[in-house]
Every structure is written in structure tokens, then in C-alpha cells.
1. So which of A160, A212 is modelled with pLDDT under 95 and either among the aliphatic types (A, V, I, L, M) or within 26 Å of Q133 (Cβ to Cβ) (or both)?
2. Output the number of residues of segment 109-131 satisfying the condition of being farther than 16 Å from L97 by Cα and among the β-branched types (V, I, T).
3. Go through D70, D81 for me and flag whichever is out of contact with any Ser or Thr (no Cβ under 7 Å at 6 or more places or on another chain), part of a loop (DSSP other than H, G, I, E, B) and charged (D, E, K, R).
4. Out of all the residues in segment 216-240, which are open to solvent by 30 Å² or more (accessible area, probe 1.4 Å) and in contact with a strand residue (DSSP E or B) (Cβ under 6 Å, 6 or more places away or on another chain)?
5. Can you pull out the residues in segment 84-96 that are closer than 19 Å to A29 by Cβ, in contact (Cβ under 8 Å) with a residue 24 or more places away in the chain and assigned to a helix (DSSP H, G or I)?
6. Check S142 against each of (1) out of contact with any helix residue (DSSP H, G or I) (no Cβ under 8 Å at 6 or more places or on another chain); (2) part of a helix (DSSP H, G or I); (3) closer than 18 Å to Q88 by Cα and name the one condition it does not meet.
7. Collect the residues in segment 171-201 that are open to solvent by 60 Å² or more (accessible area, probe 1.4 Å) and either touching a Gly at 6+ places or on another chain (Cβ under 8 Å) or closer than 26 Å to S237 by Cβ (or both), keeping them in residue-number order.
8. In this structure, does S168 turn out to be assigned to a loop (DSSP other than H, G, I, E, B) and either within 16 Å of the chain's Cα centre (by Cα) or more than 30 Å from F109 (Cα to Cα) (or both)?
Amino acid sequence: MEYQVAANALDGKVILVTGAGDGIGRQAALSYAQHGATVILLGRTVKKLERVYDEIEAAGYTQPAIVPLDMLGATRQHYLDMADTIEQQFGRLDGVLHNAGMLGVLSPFDQIEEKAFDEVMQVNVKATFLMTQALLPLLQKSDDARLVFTSSTVGHAGRAFWGTYAMSKFATEGMMQVLSDELSNTSVKVNAINPGGTRTKMRASAFPAEEANKLKTPLDIMPLYLYLMAPEGISVSGQCIDAQPK
């Protein structure tokens, strides 16, 4: 399917992007800003967020905001405080792209270490859950809000050695489906994206021998990311969509 949106599709929208410092998150932030959104950049490395901030400013797009937050260490209160700050600054929230994620260690199931398991689950599942809980009241103040999670091919079908990451993405898809069903009569549409093999640092750490130049870039897969945030995608909810269908 060709996903196309108007050049000004996100005018006036306020959209939070997690993991906005590099890779897909950085590109999504730039693409959302290009289409008119005020983007809130969330990530753990301030320098990276500042670079993206500067790119958005230099392009002449709407001034973004920065939220430095380490999802591995953040508590429920951090997310509630963040929601308060967003409400004070913007009054509402129109979109969240849950893009931040942790790969962990690829290993046989019986060798998964508890600490590594806990860290991946903390970032990919629990932090995403707590943040979504904190932000839901703000999303419900929007006339047309979008919540987009990030899954993976191993979030549809488990694969050997992908243990913790795969389990975290199955949980992510479950969270998306539960929320979509609960919010079906509201203004909030909930979906997930499976980006597929994309030229990012996470992909390179999972497949060190792979020829990166044969992979799609984050920019190549942006049409779907824009579509699910834009008015054009209003009829889609409860779906996990592959950005690179086979």
C-alpha cells in the first residue's frame, strides 16, 4: 500500500517521539516537524536530542521541545511529571510514537540472564506502559489522537535466540490491542509498526555481518509513520502494520 499524506497533514499537532536521538526516532521527529507538528523529543542522551533539535530549527520547522529521560531508571512519578509539563506547555497531546527500545543480548533461552531480561522488559514494556498510562488523559483531550507502538517481526512469530526481545514485542503488540479495544469509542487510535530491517545501530548490533547499504533507511519507511499520525490514517486502529511488507 502507498501511504501518502498532505504536506501540512500535521499542522498544529503536538507529537511526542521516544528514542528521538538517532535512528528511526530521529527521522520520525524530523518528518513530523516537516509536516507541521510541534515535536517533543524524548531520549536519554541530551547531546543527541540537541542535535535533532538544531536540525529541526535549521530547517525552519516549528520549534521542538526536549525531554531528557532514561527509561531504564525512570519511575511512574517521572512520567506523571512529564505529563504535567506537557499539559502546562501545550494543553494537550495529539500523538505518541513509542520508538525507544532495547535489544538486549541475543542468546539461547536457557542462557538469558535475569538482569538482561529485566532491563529489556523495563524499557520495552514497563516504561512504555507507565508512560502511556500517564499520557492517556492528555491524549484524550485531543480531537484526533494517535498512539503508535513499535513491534518487530519477532513480535509476530518467535524466533530462536531472540528470547527477551521477542517476548517484549509480543507484550507490546498485546498492549496495543488491549488499548485499541478499550479506546475504540474515543478519539484515540492505537496501532503498532514493525519497521522491518532498517539501517540503524540496533540492527547493526543484531546483524554485525549484514551489508547495511542493502537495507532501507529510516527515511524510506517514513510514509507509514506519517500516515498513522495524520488525518489520512484515521480509520486504522488495532493493527500492527509492517513498514516493509514481504
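The values are calculated or read from the model by the stated rules, or taken from the named source; none is laboratory data. All of these numbers come straight from a predicted model, not from anything done at the bench. Note that we place each Cβ from the backbone using ideal geometry, even for glycine, and neighbour counts take in every protein chain shown. For accessibility, only protein heavy atoms count, side chains too; no ligands or nucleic acids. Shrake-Rupley method; radii C 1.70, N 1.55, O 1.52, S 1.80 Å.
1. Unique residue meeting the criteria: A212.
2. 2
3. Answer to the check: D70.
4. Correct list: K216, S237, Q239, C240.
5. Hits for segment 84-96 are I86, Q89, F90.
6. Unmet for S142, out of (1) out of contact with any helix residue (DSSP H, G or I) (no Cβ under 8 Å at 6 or more places or on another chain); (2) part of a helix (DSSP H, G or I); (3) closer than 18 Å to Q88 by Cα: (2).
7. Q177, V178, D181, E182, S184, N185, K201
8. For S168, the condition - assigned to a loop (DSSP other than H, G, I, E, B) and either within 16 Å of the chain's Cα centre (by Cα) or more than 30 Å from F109 (Cα to Cα) (or both) - is not met.
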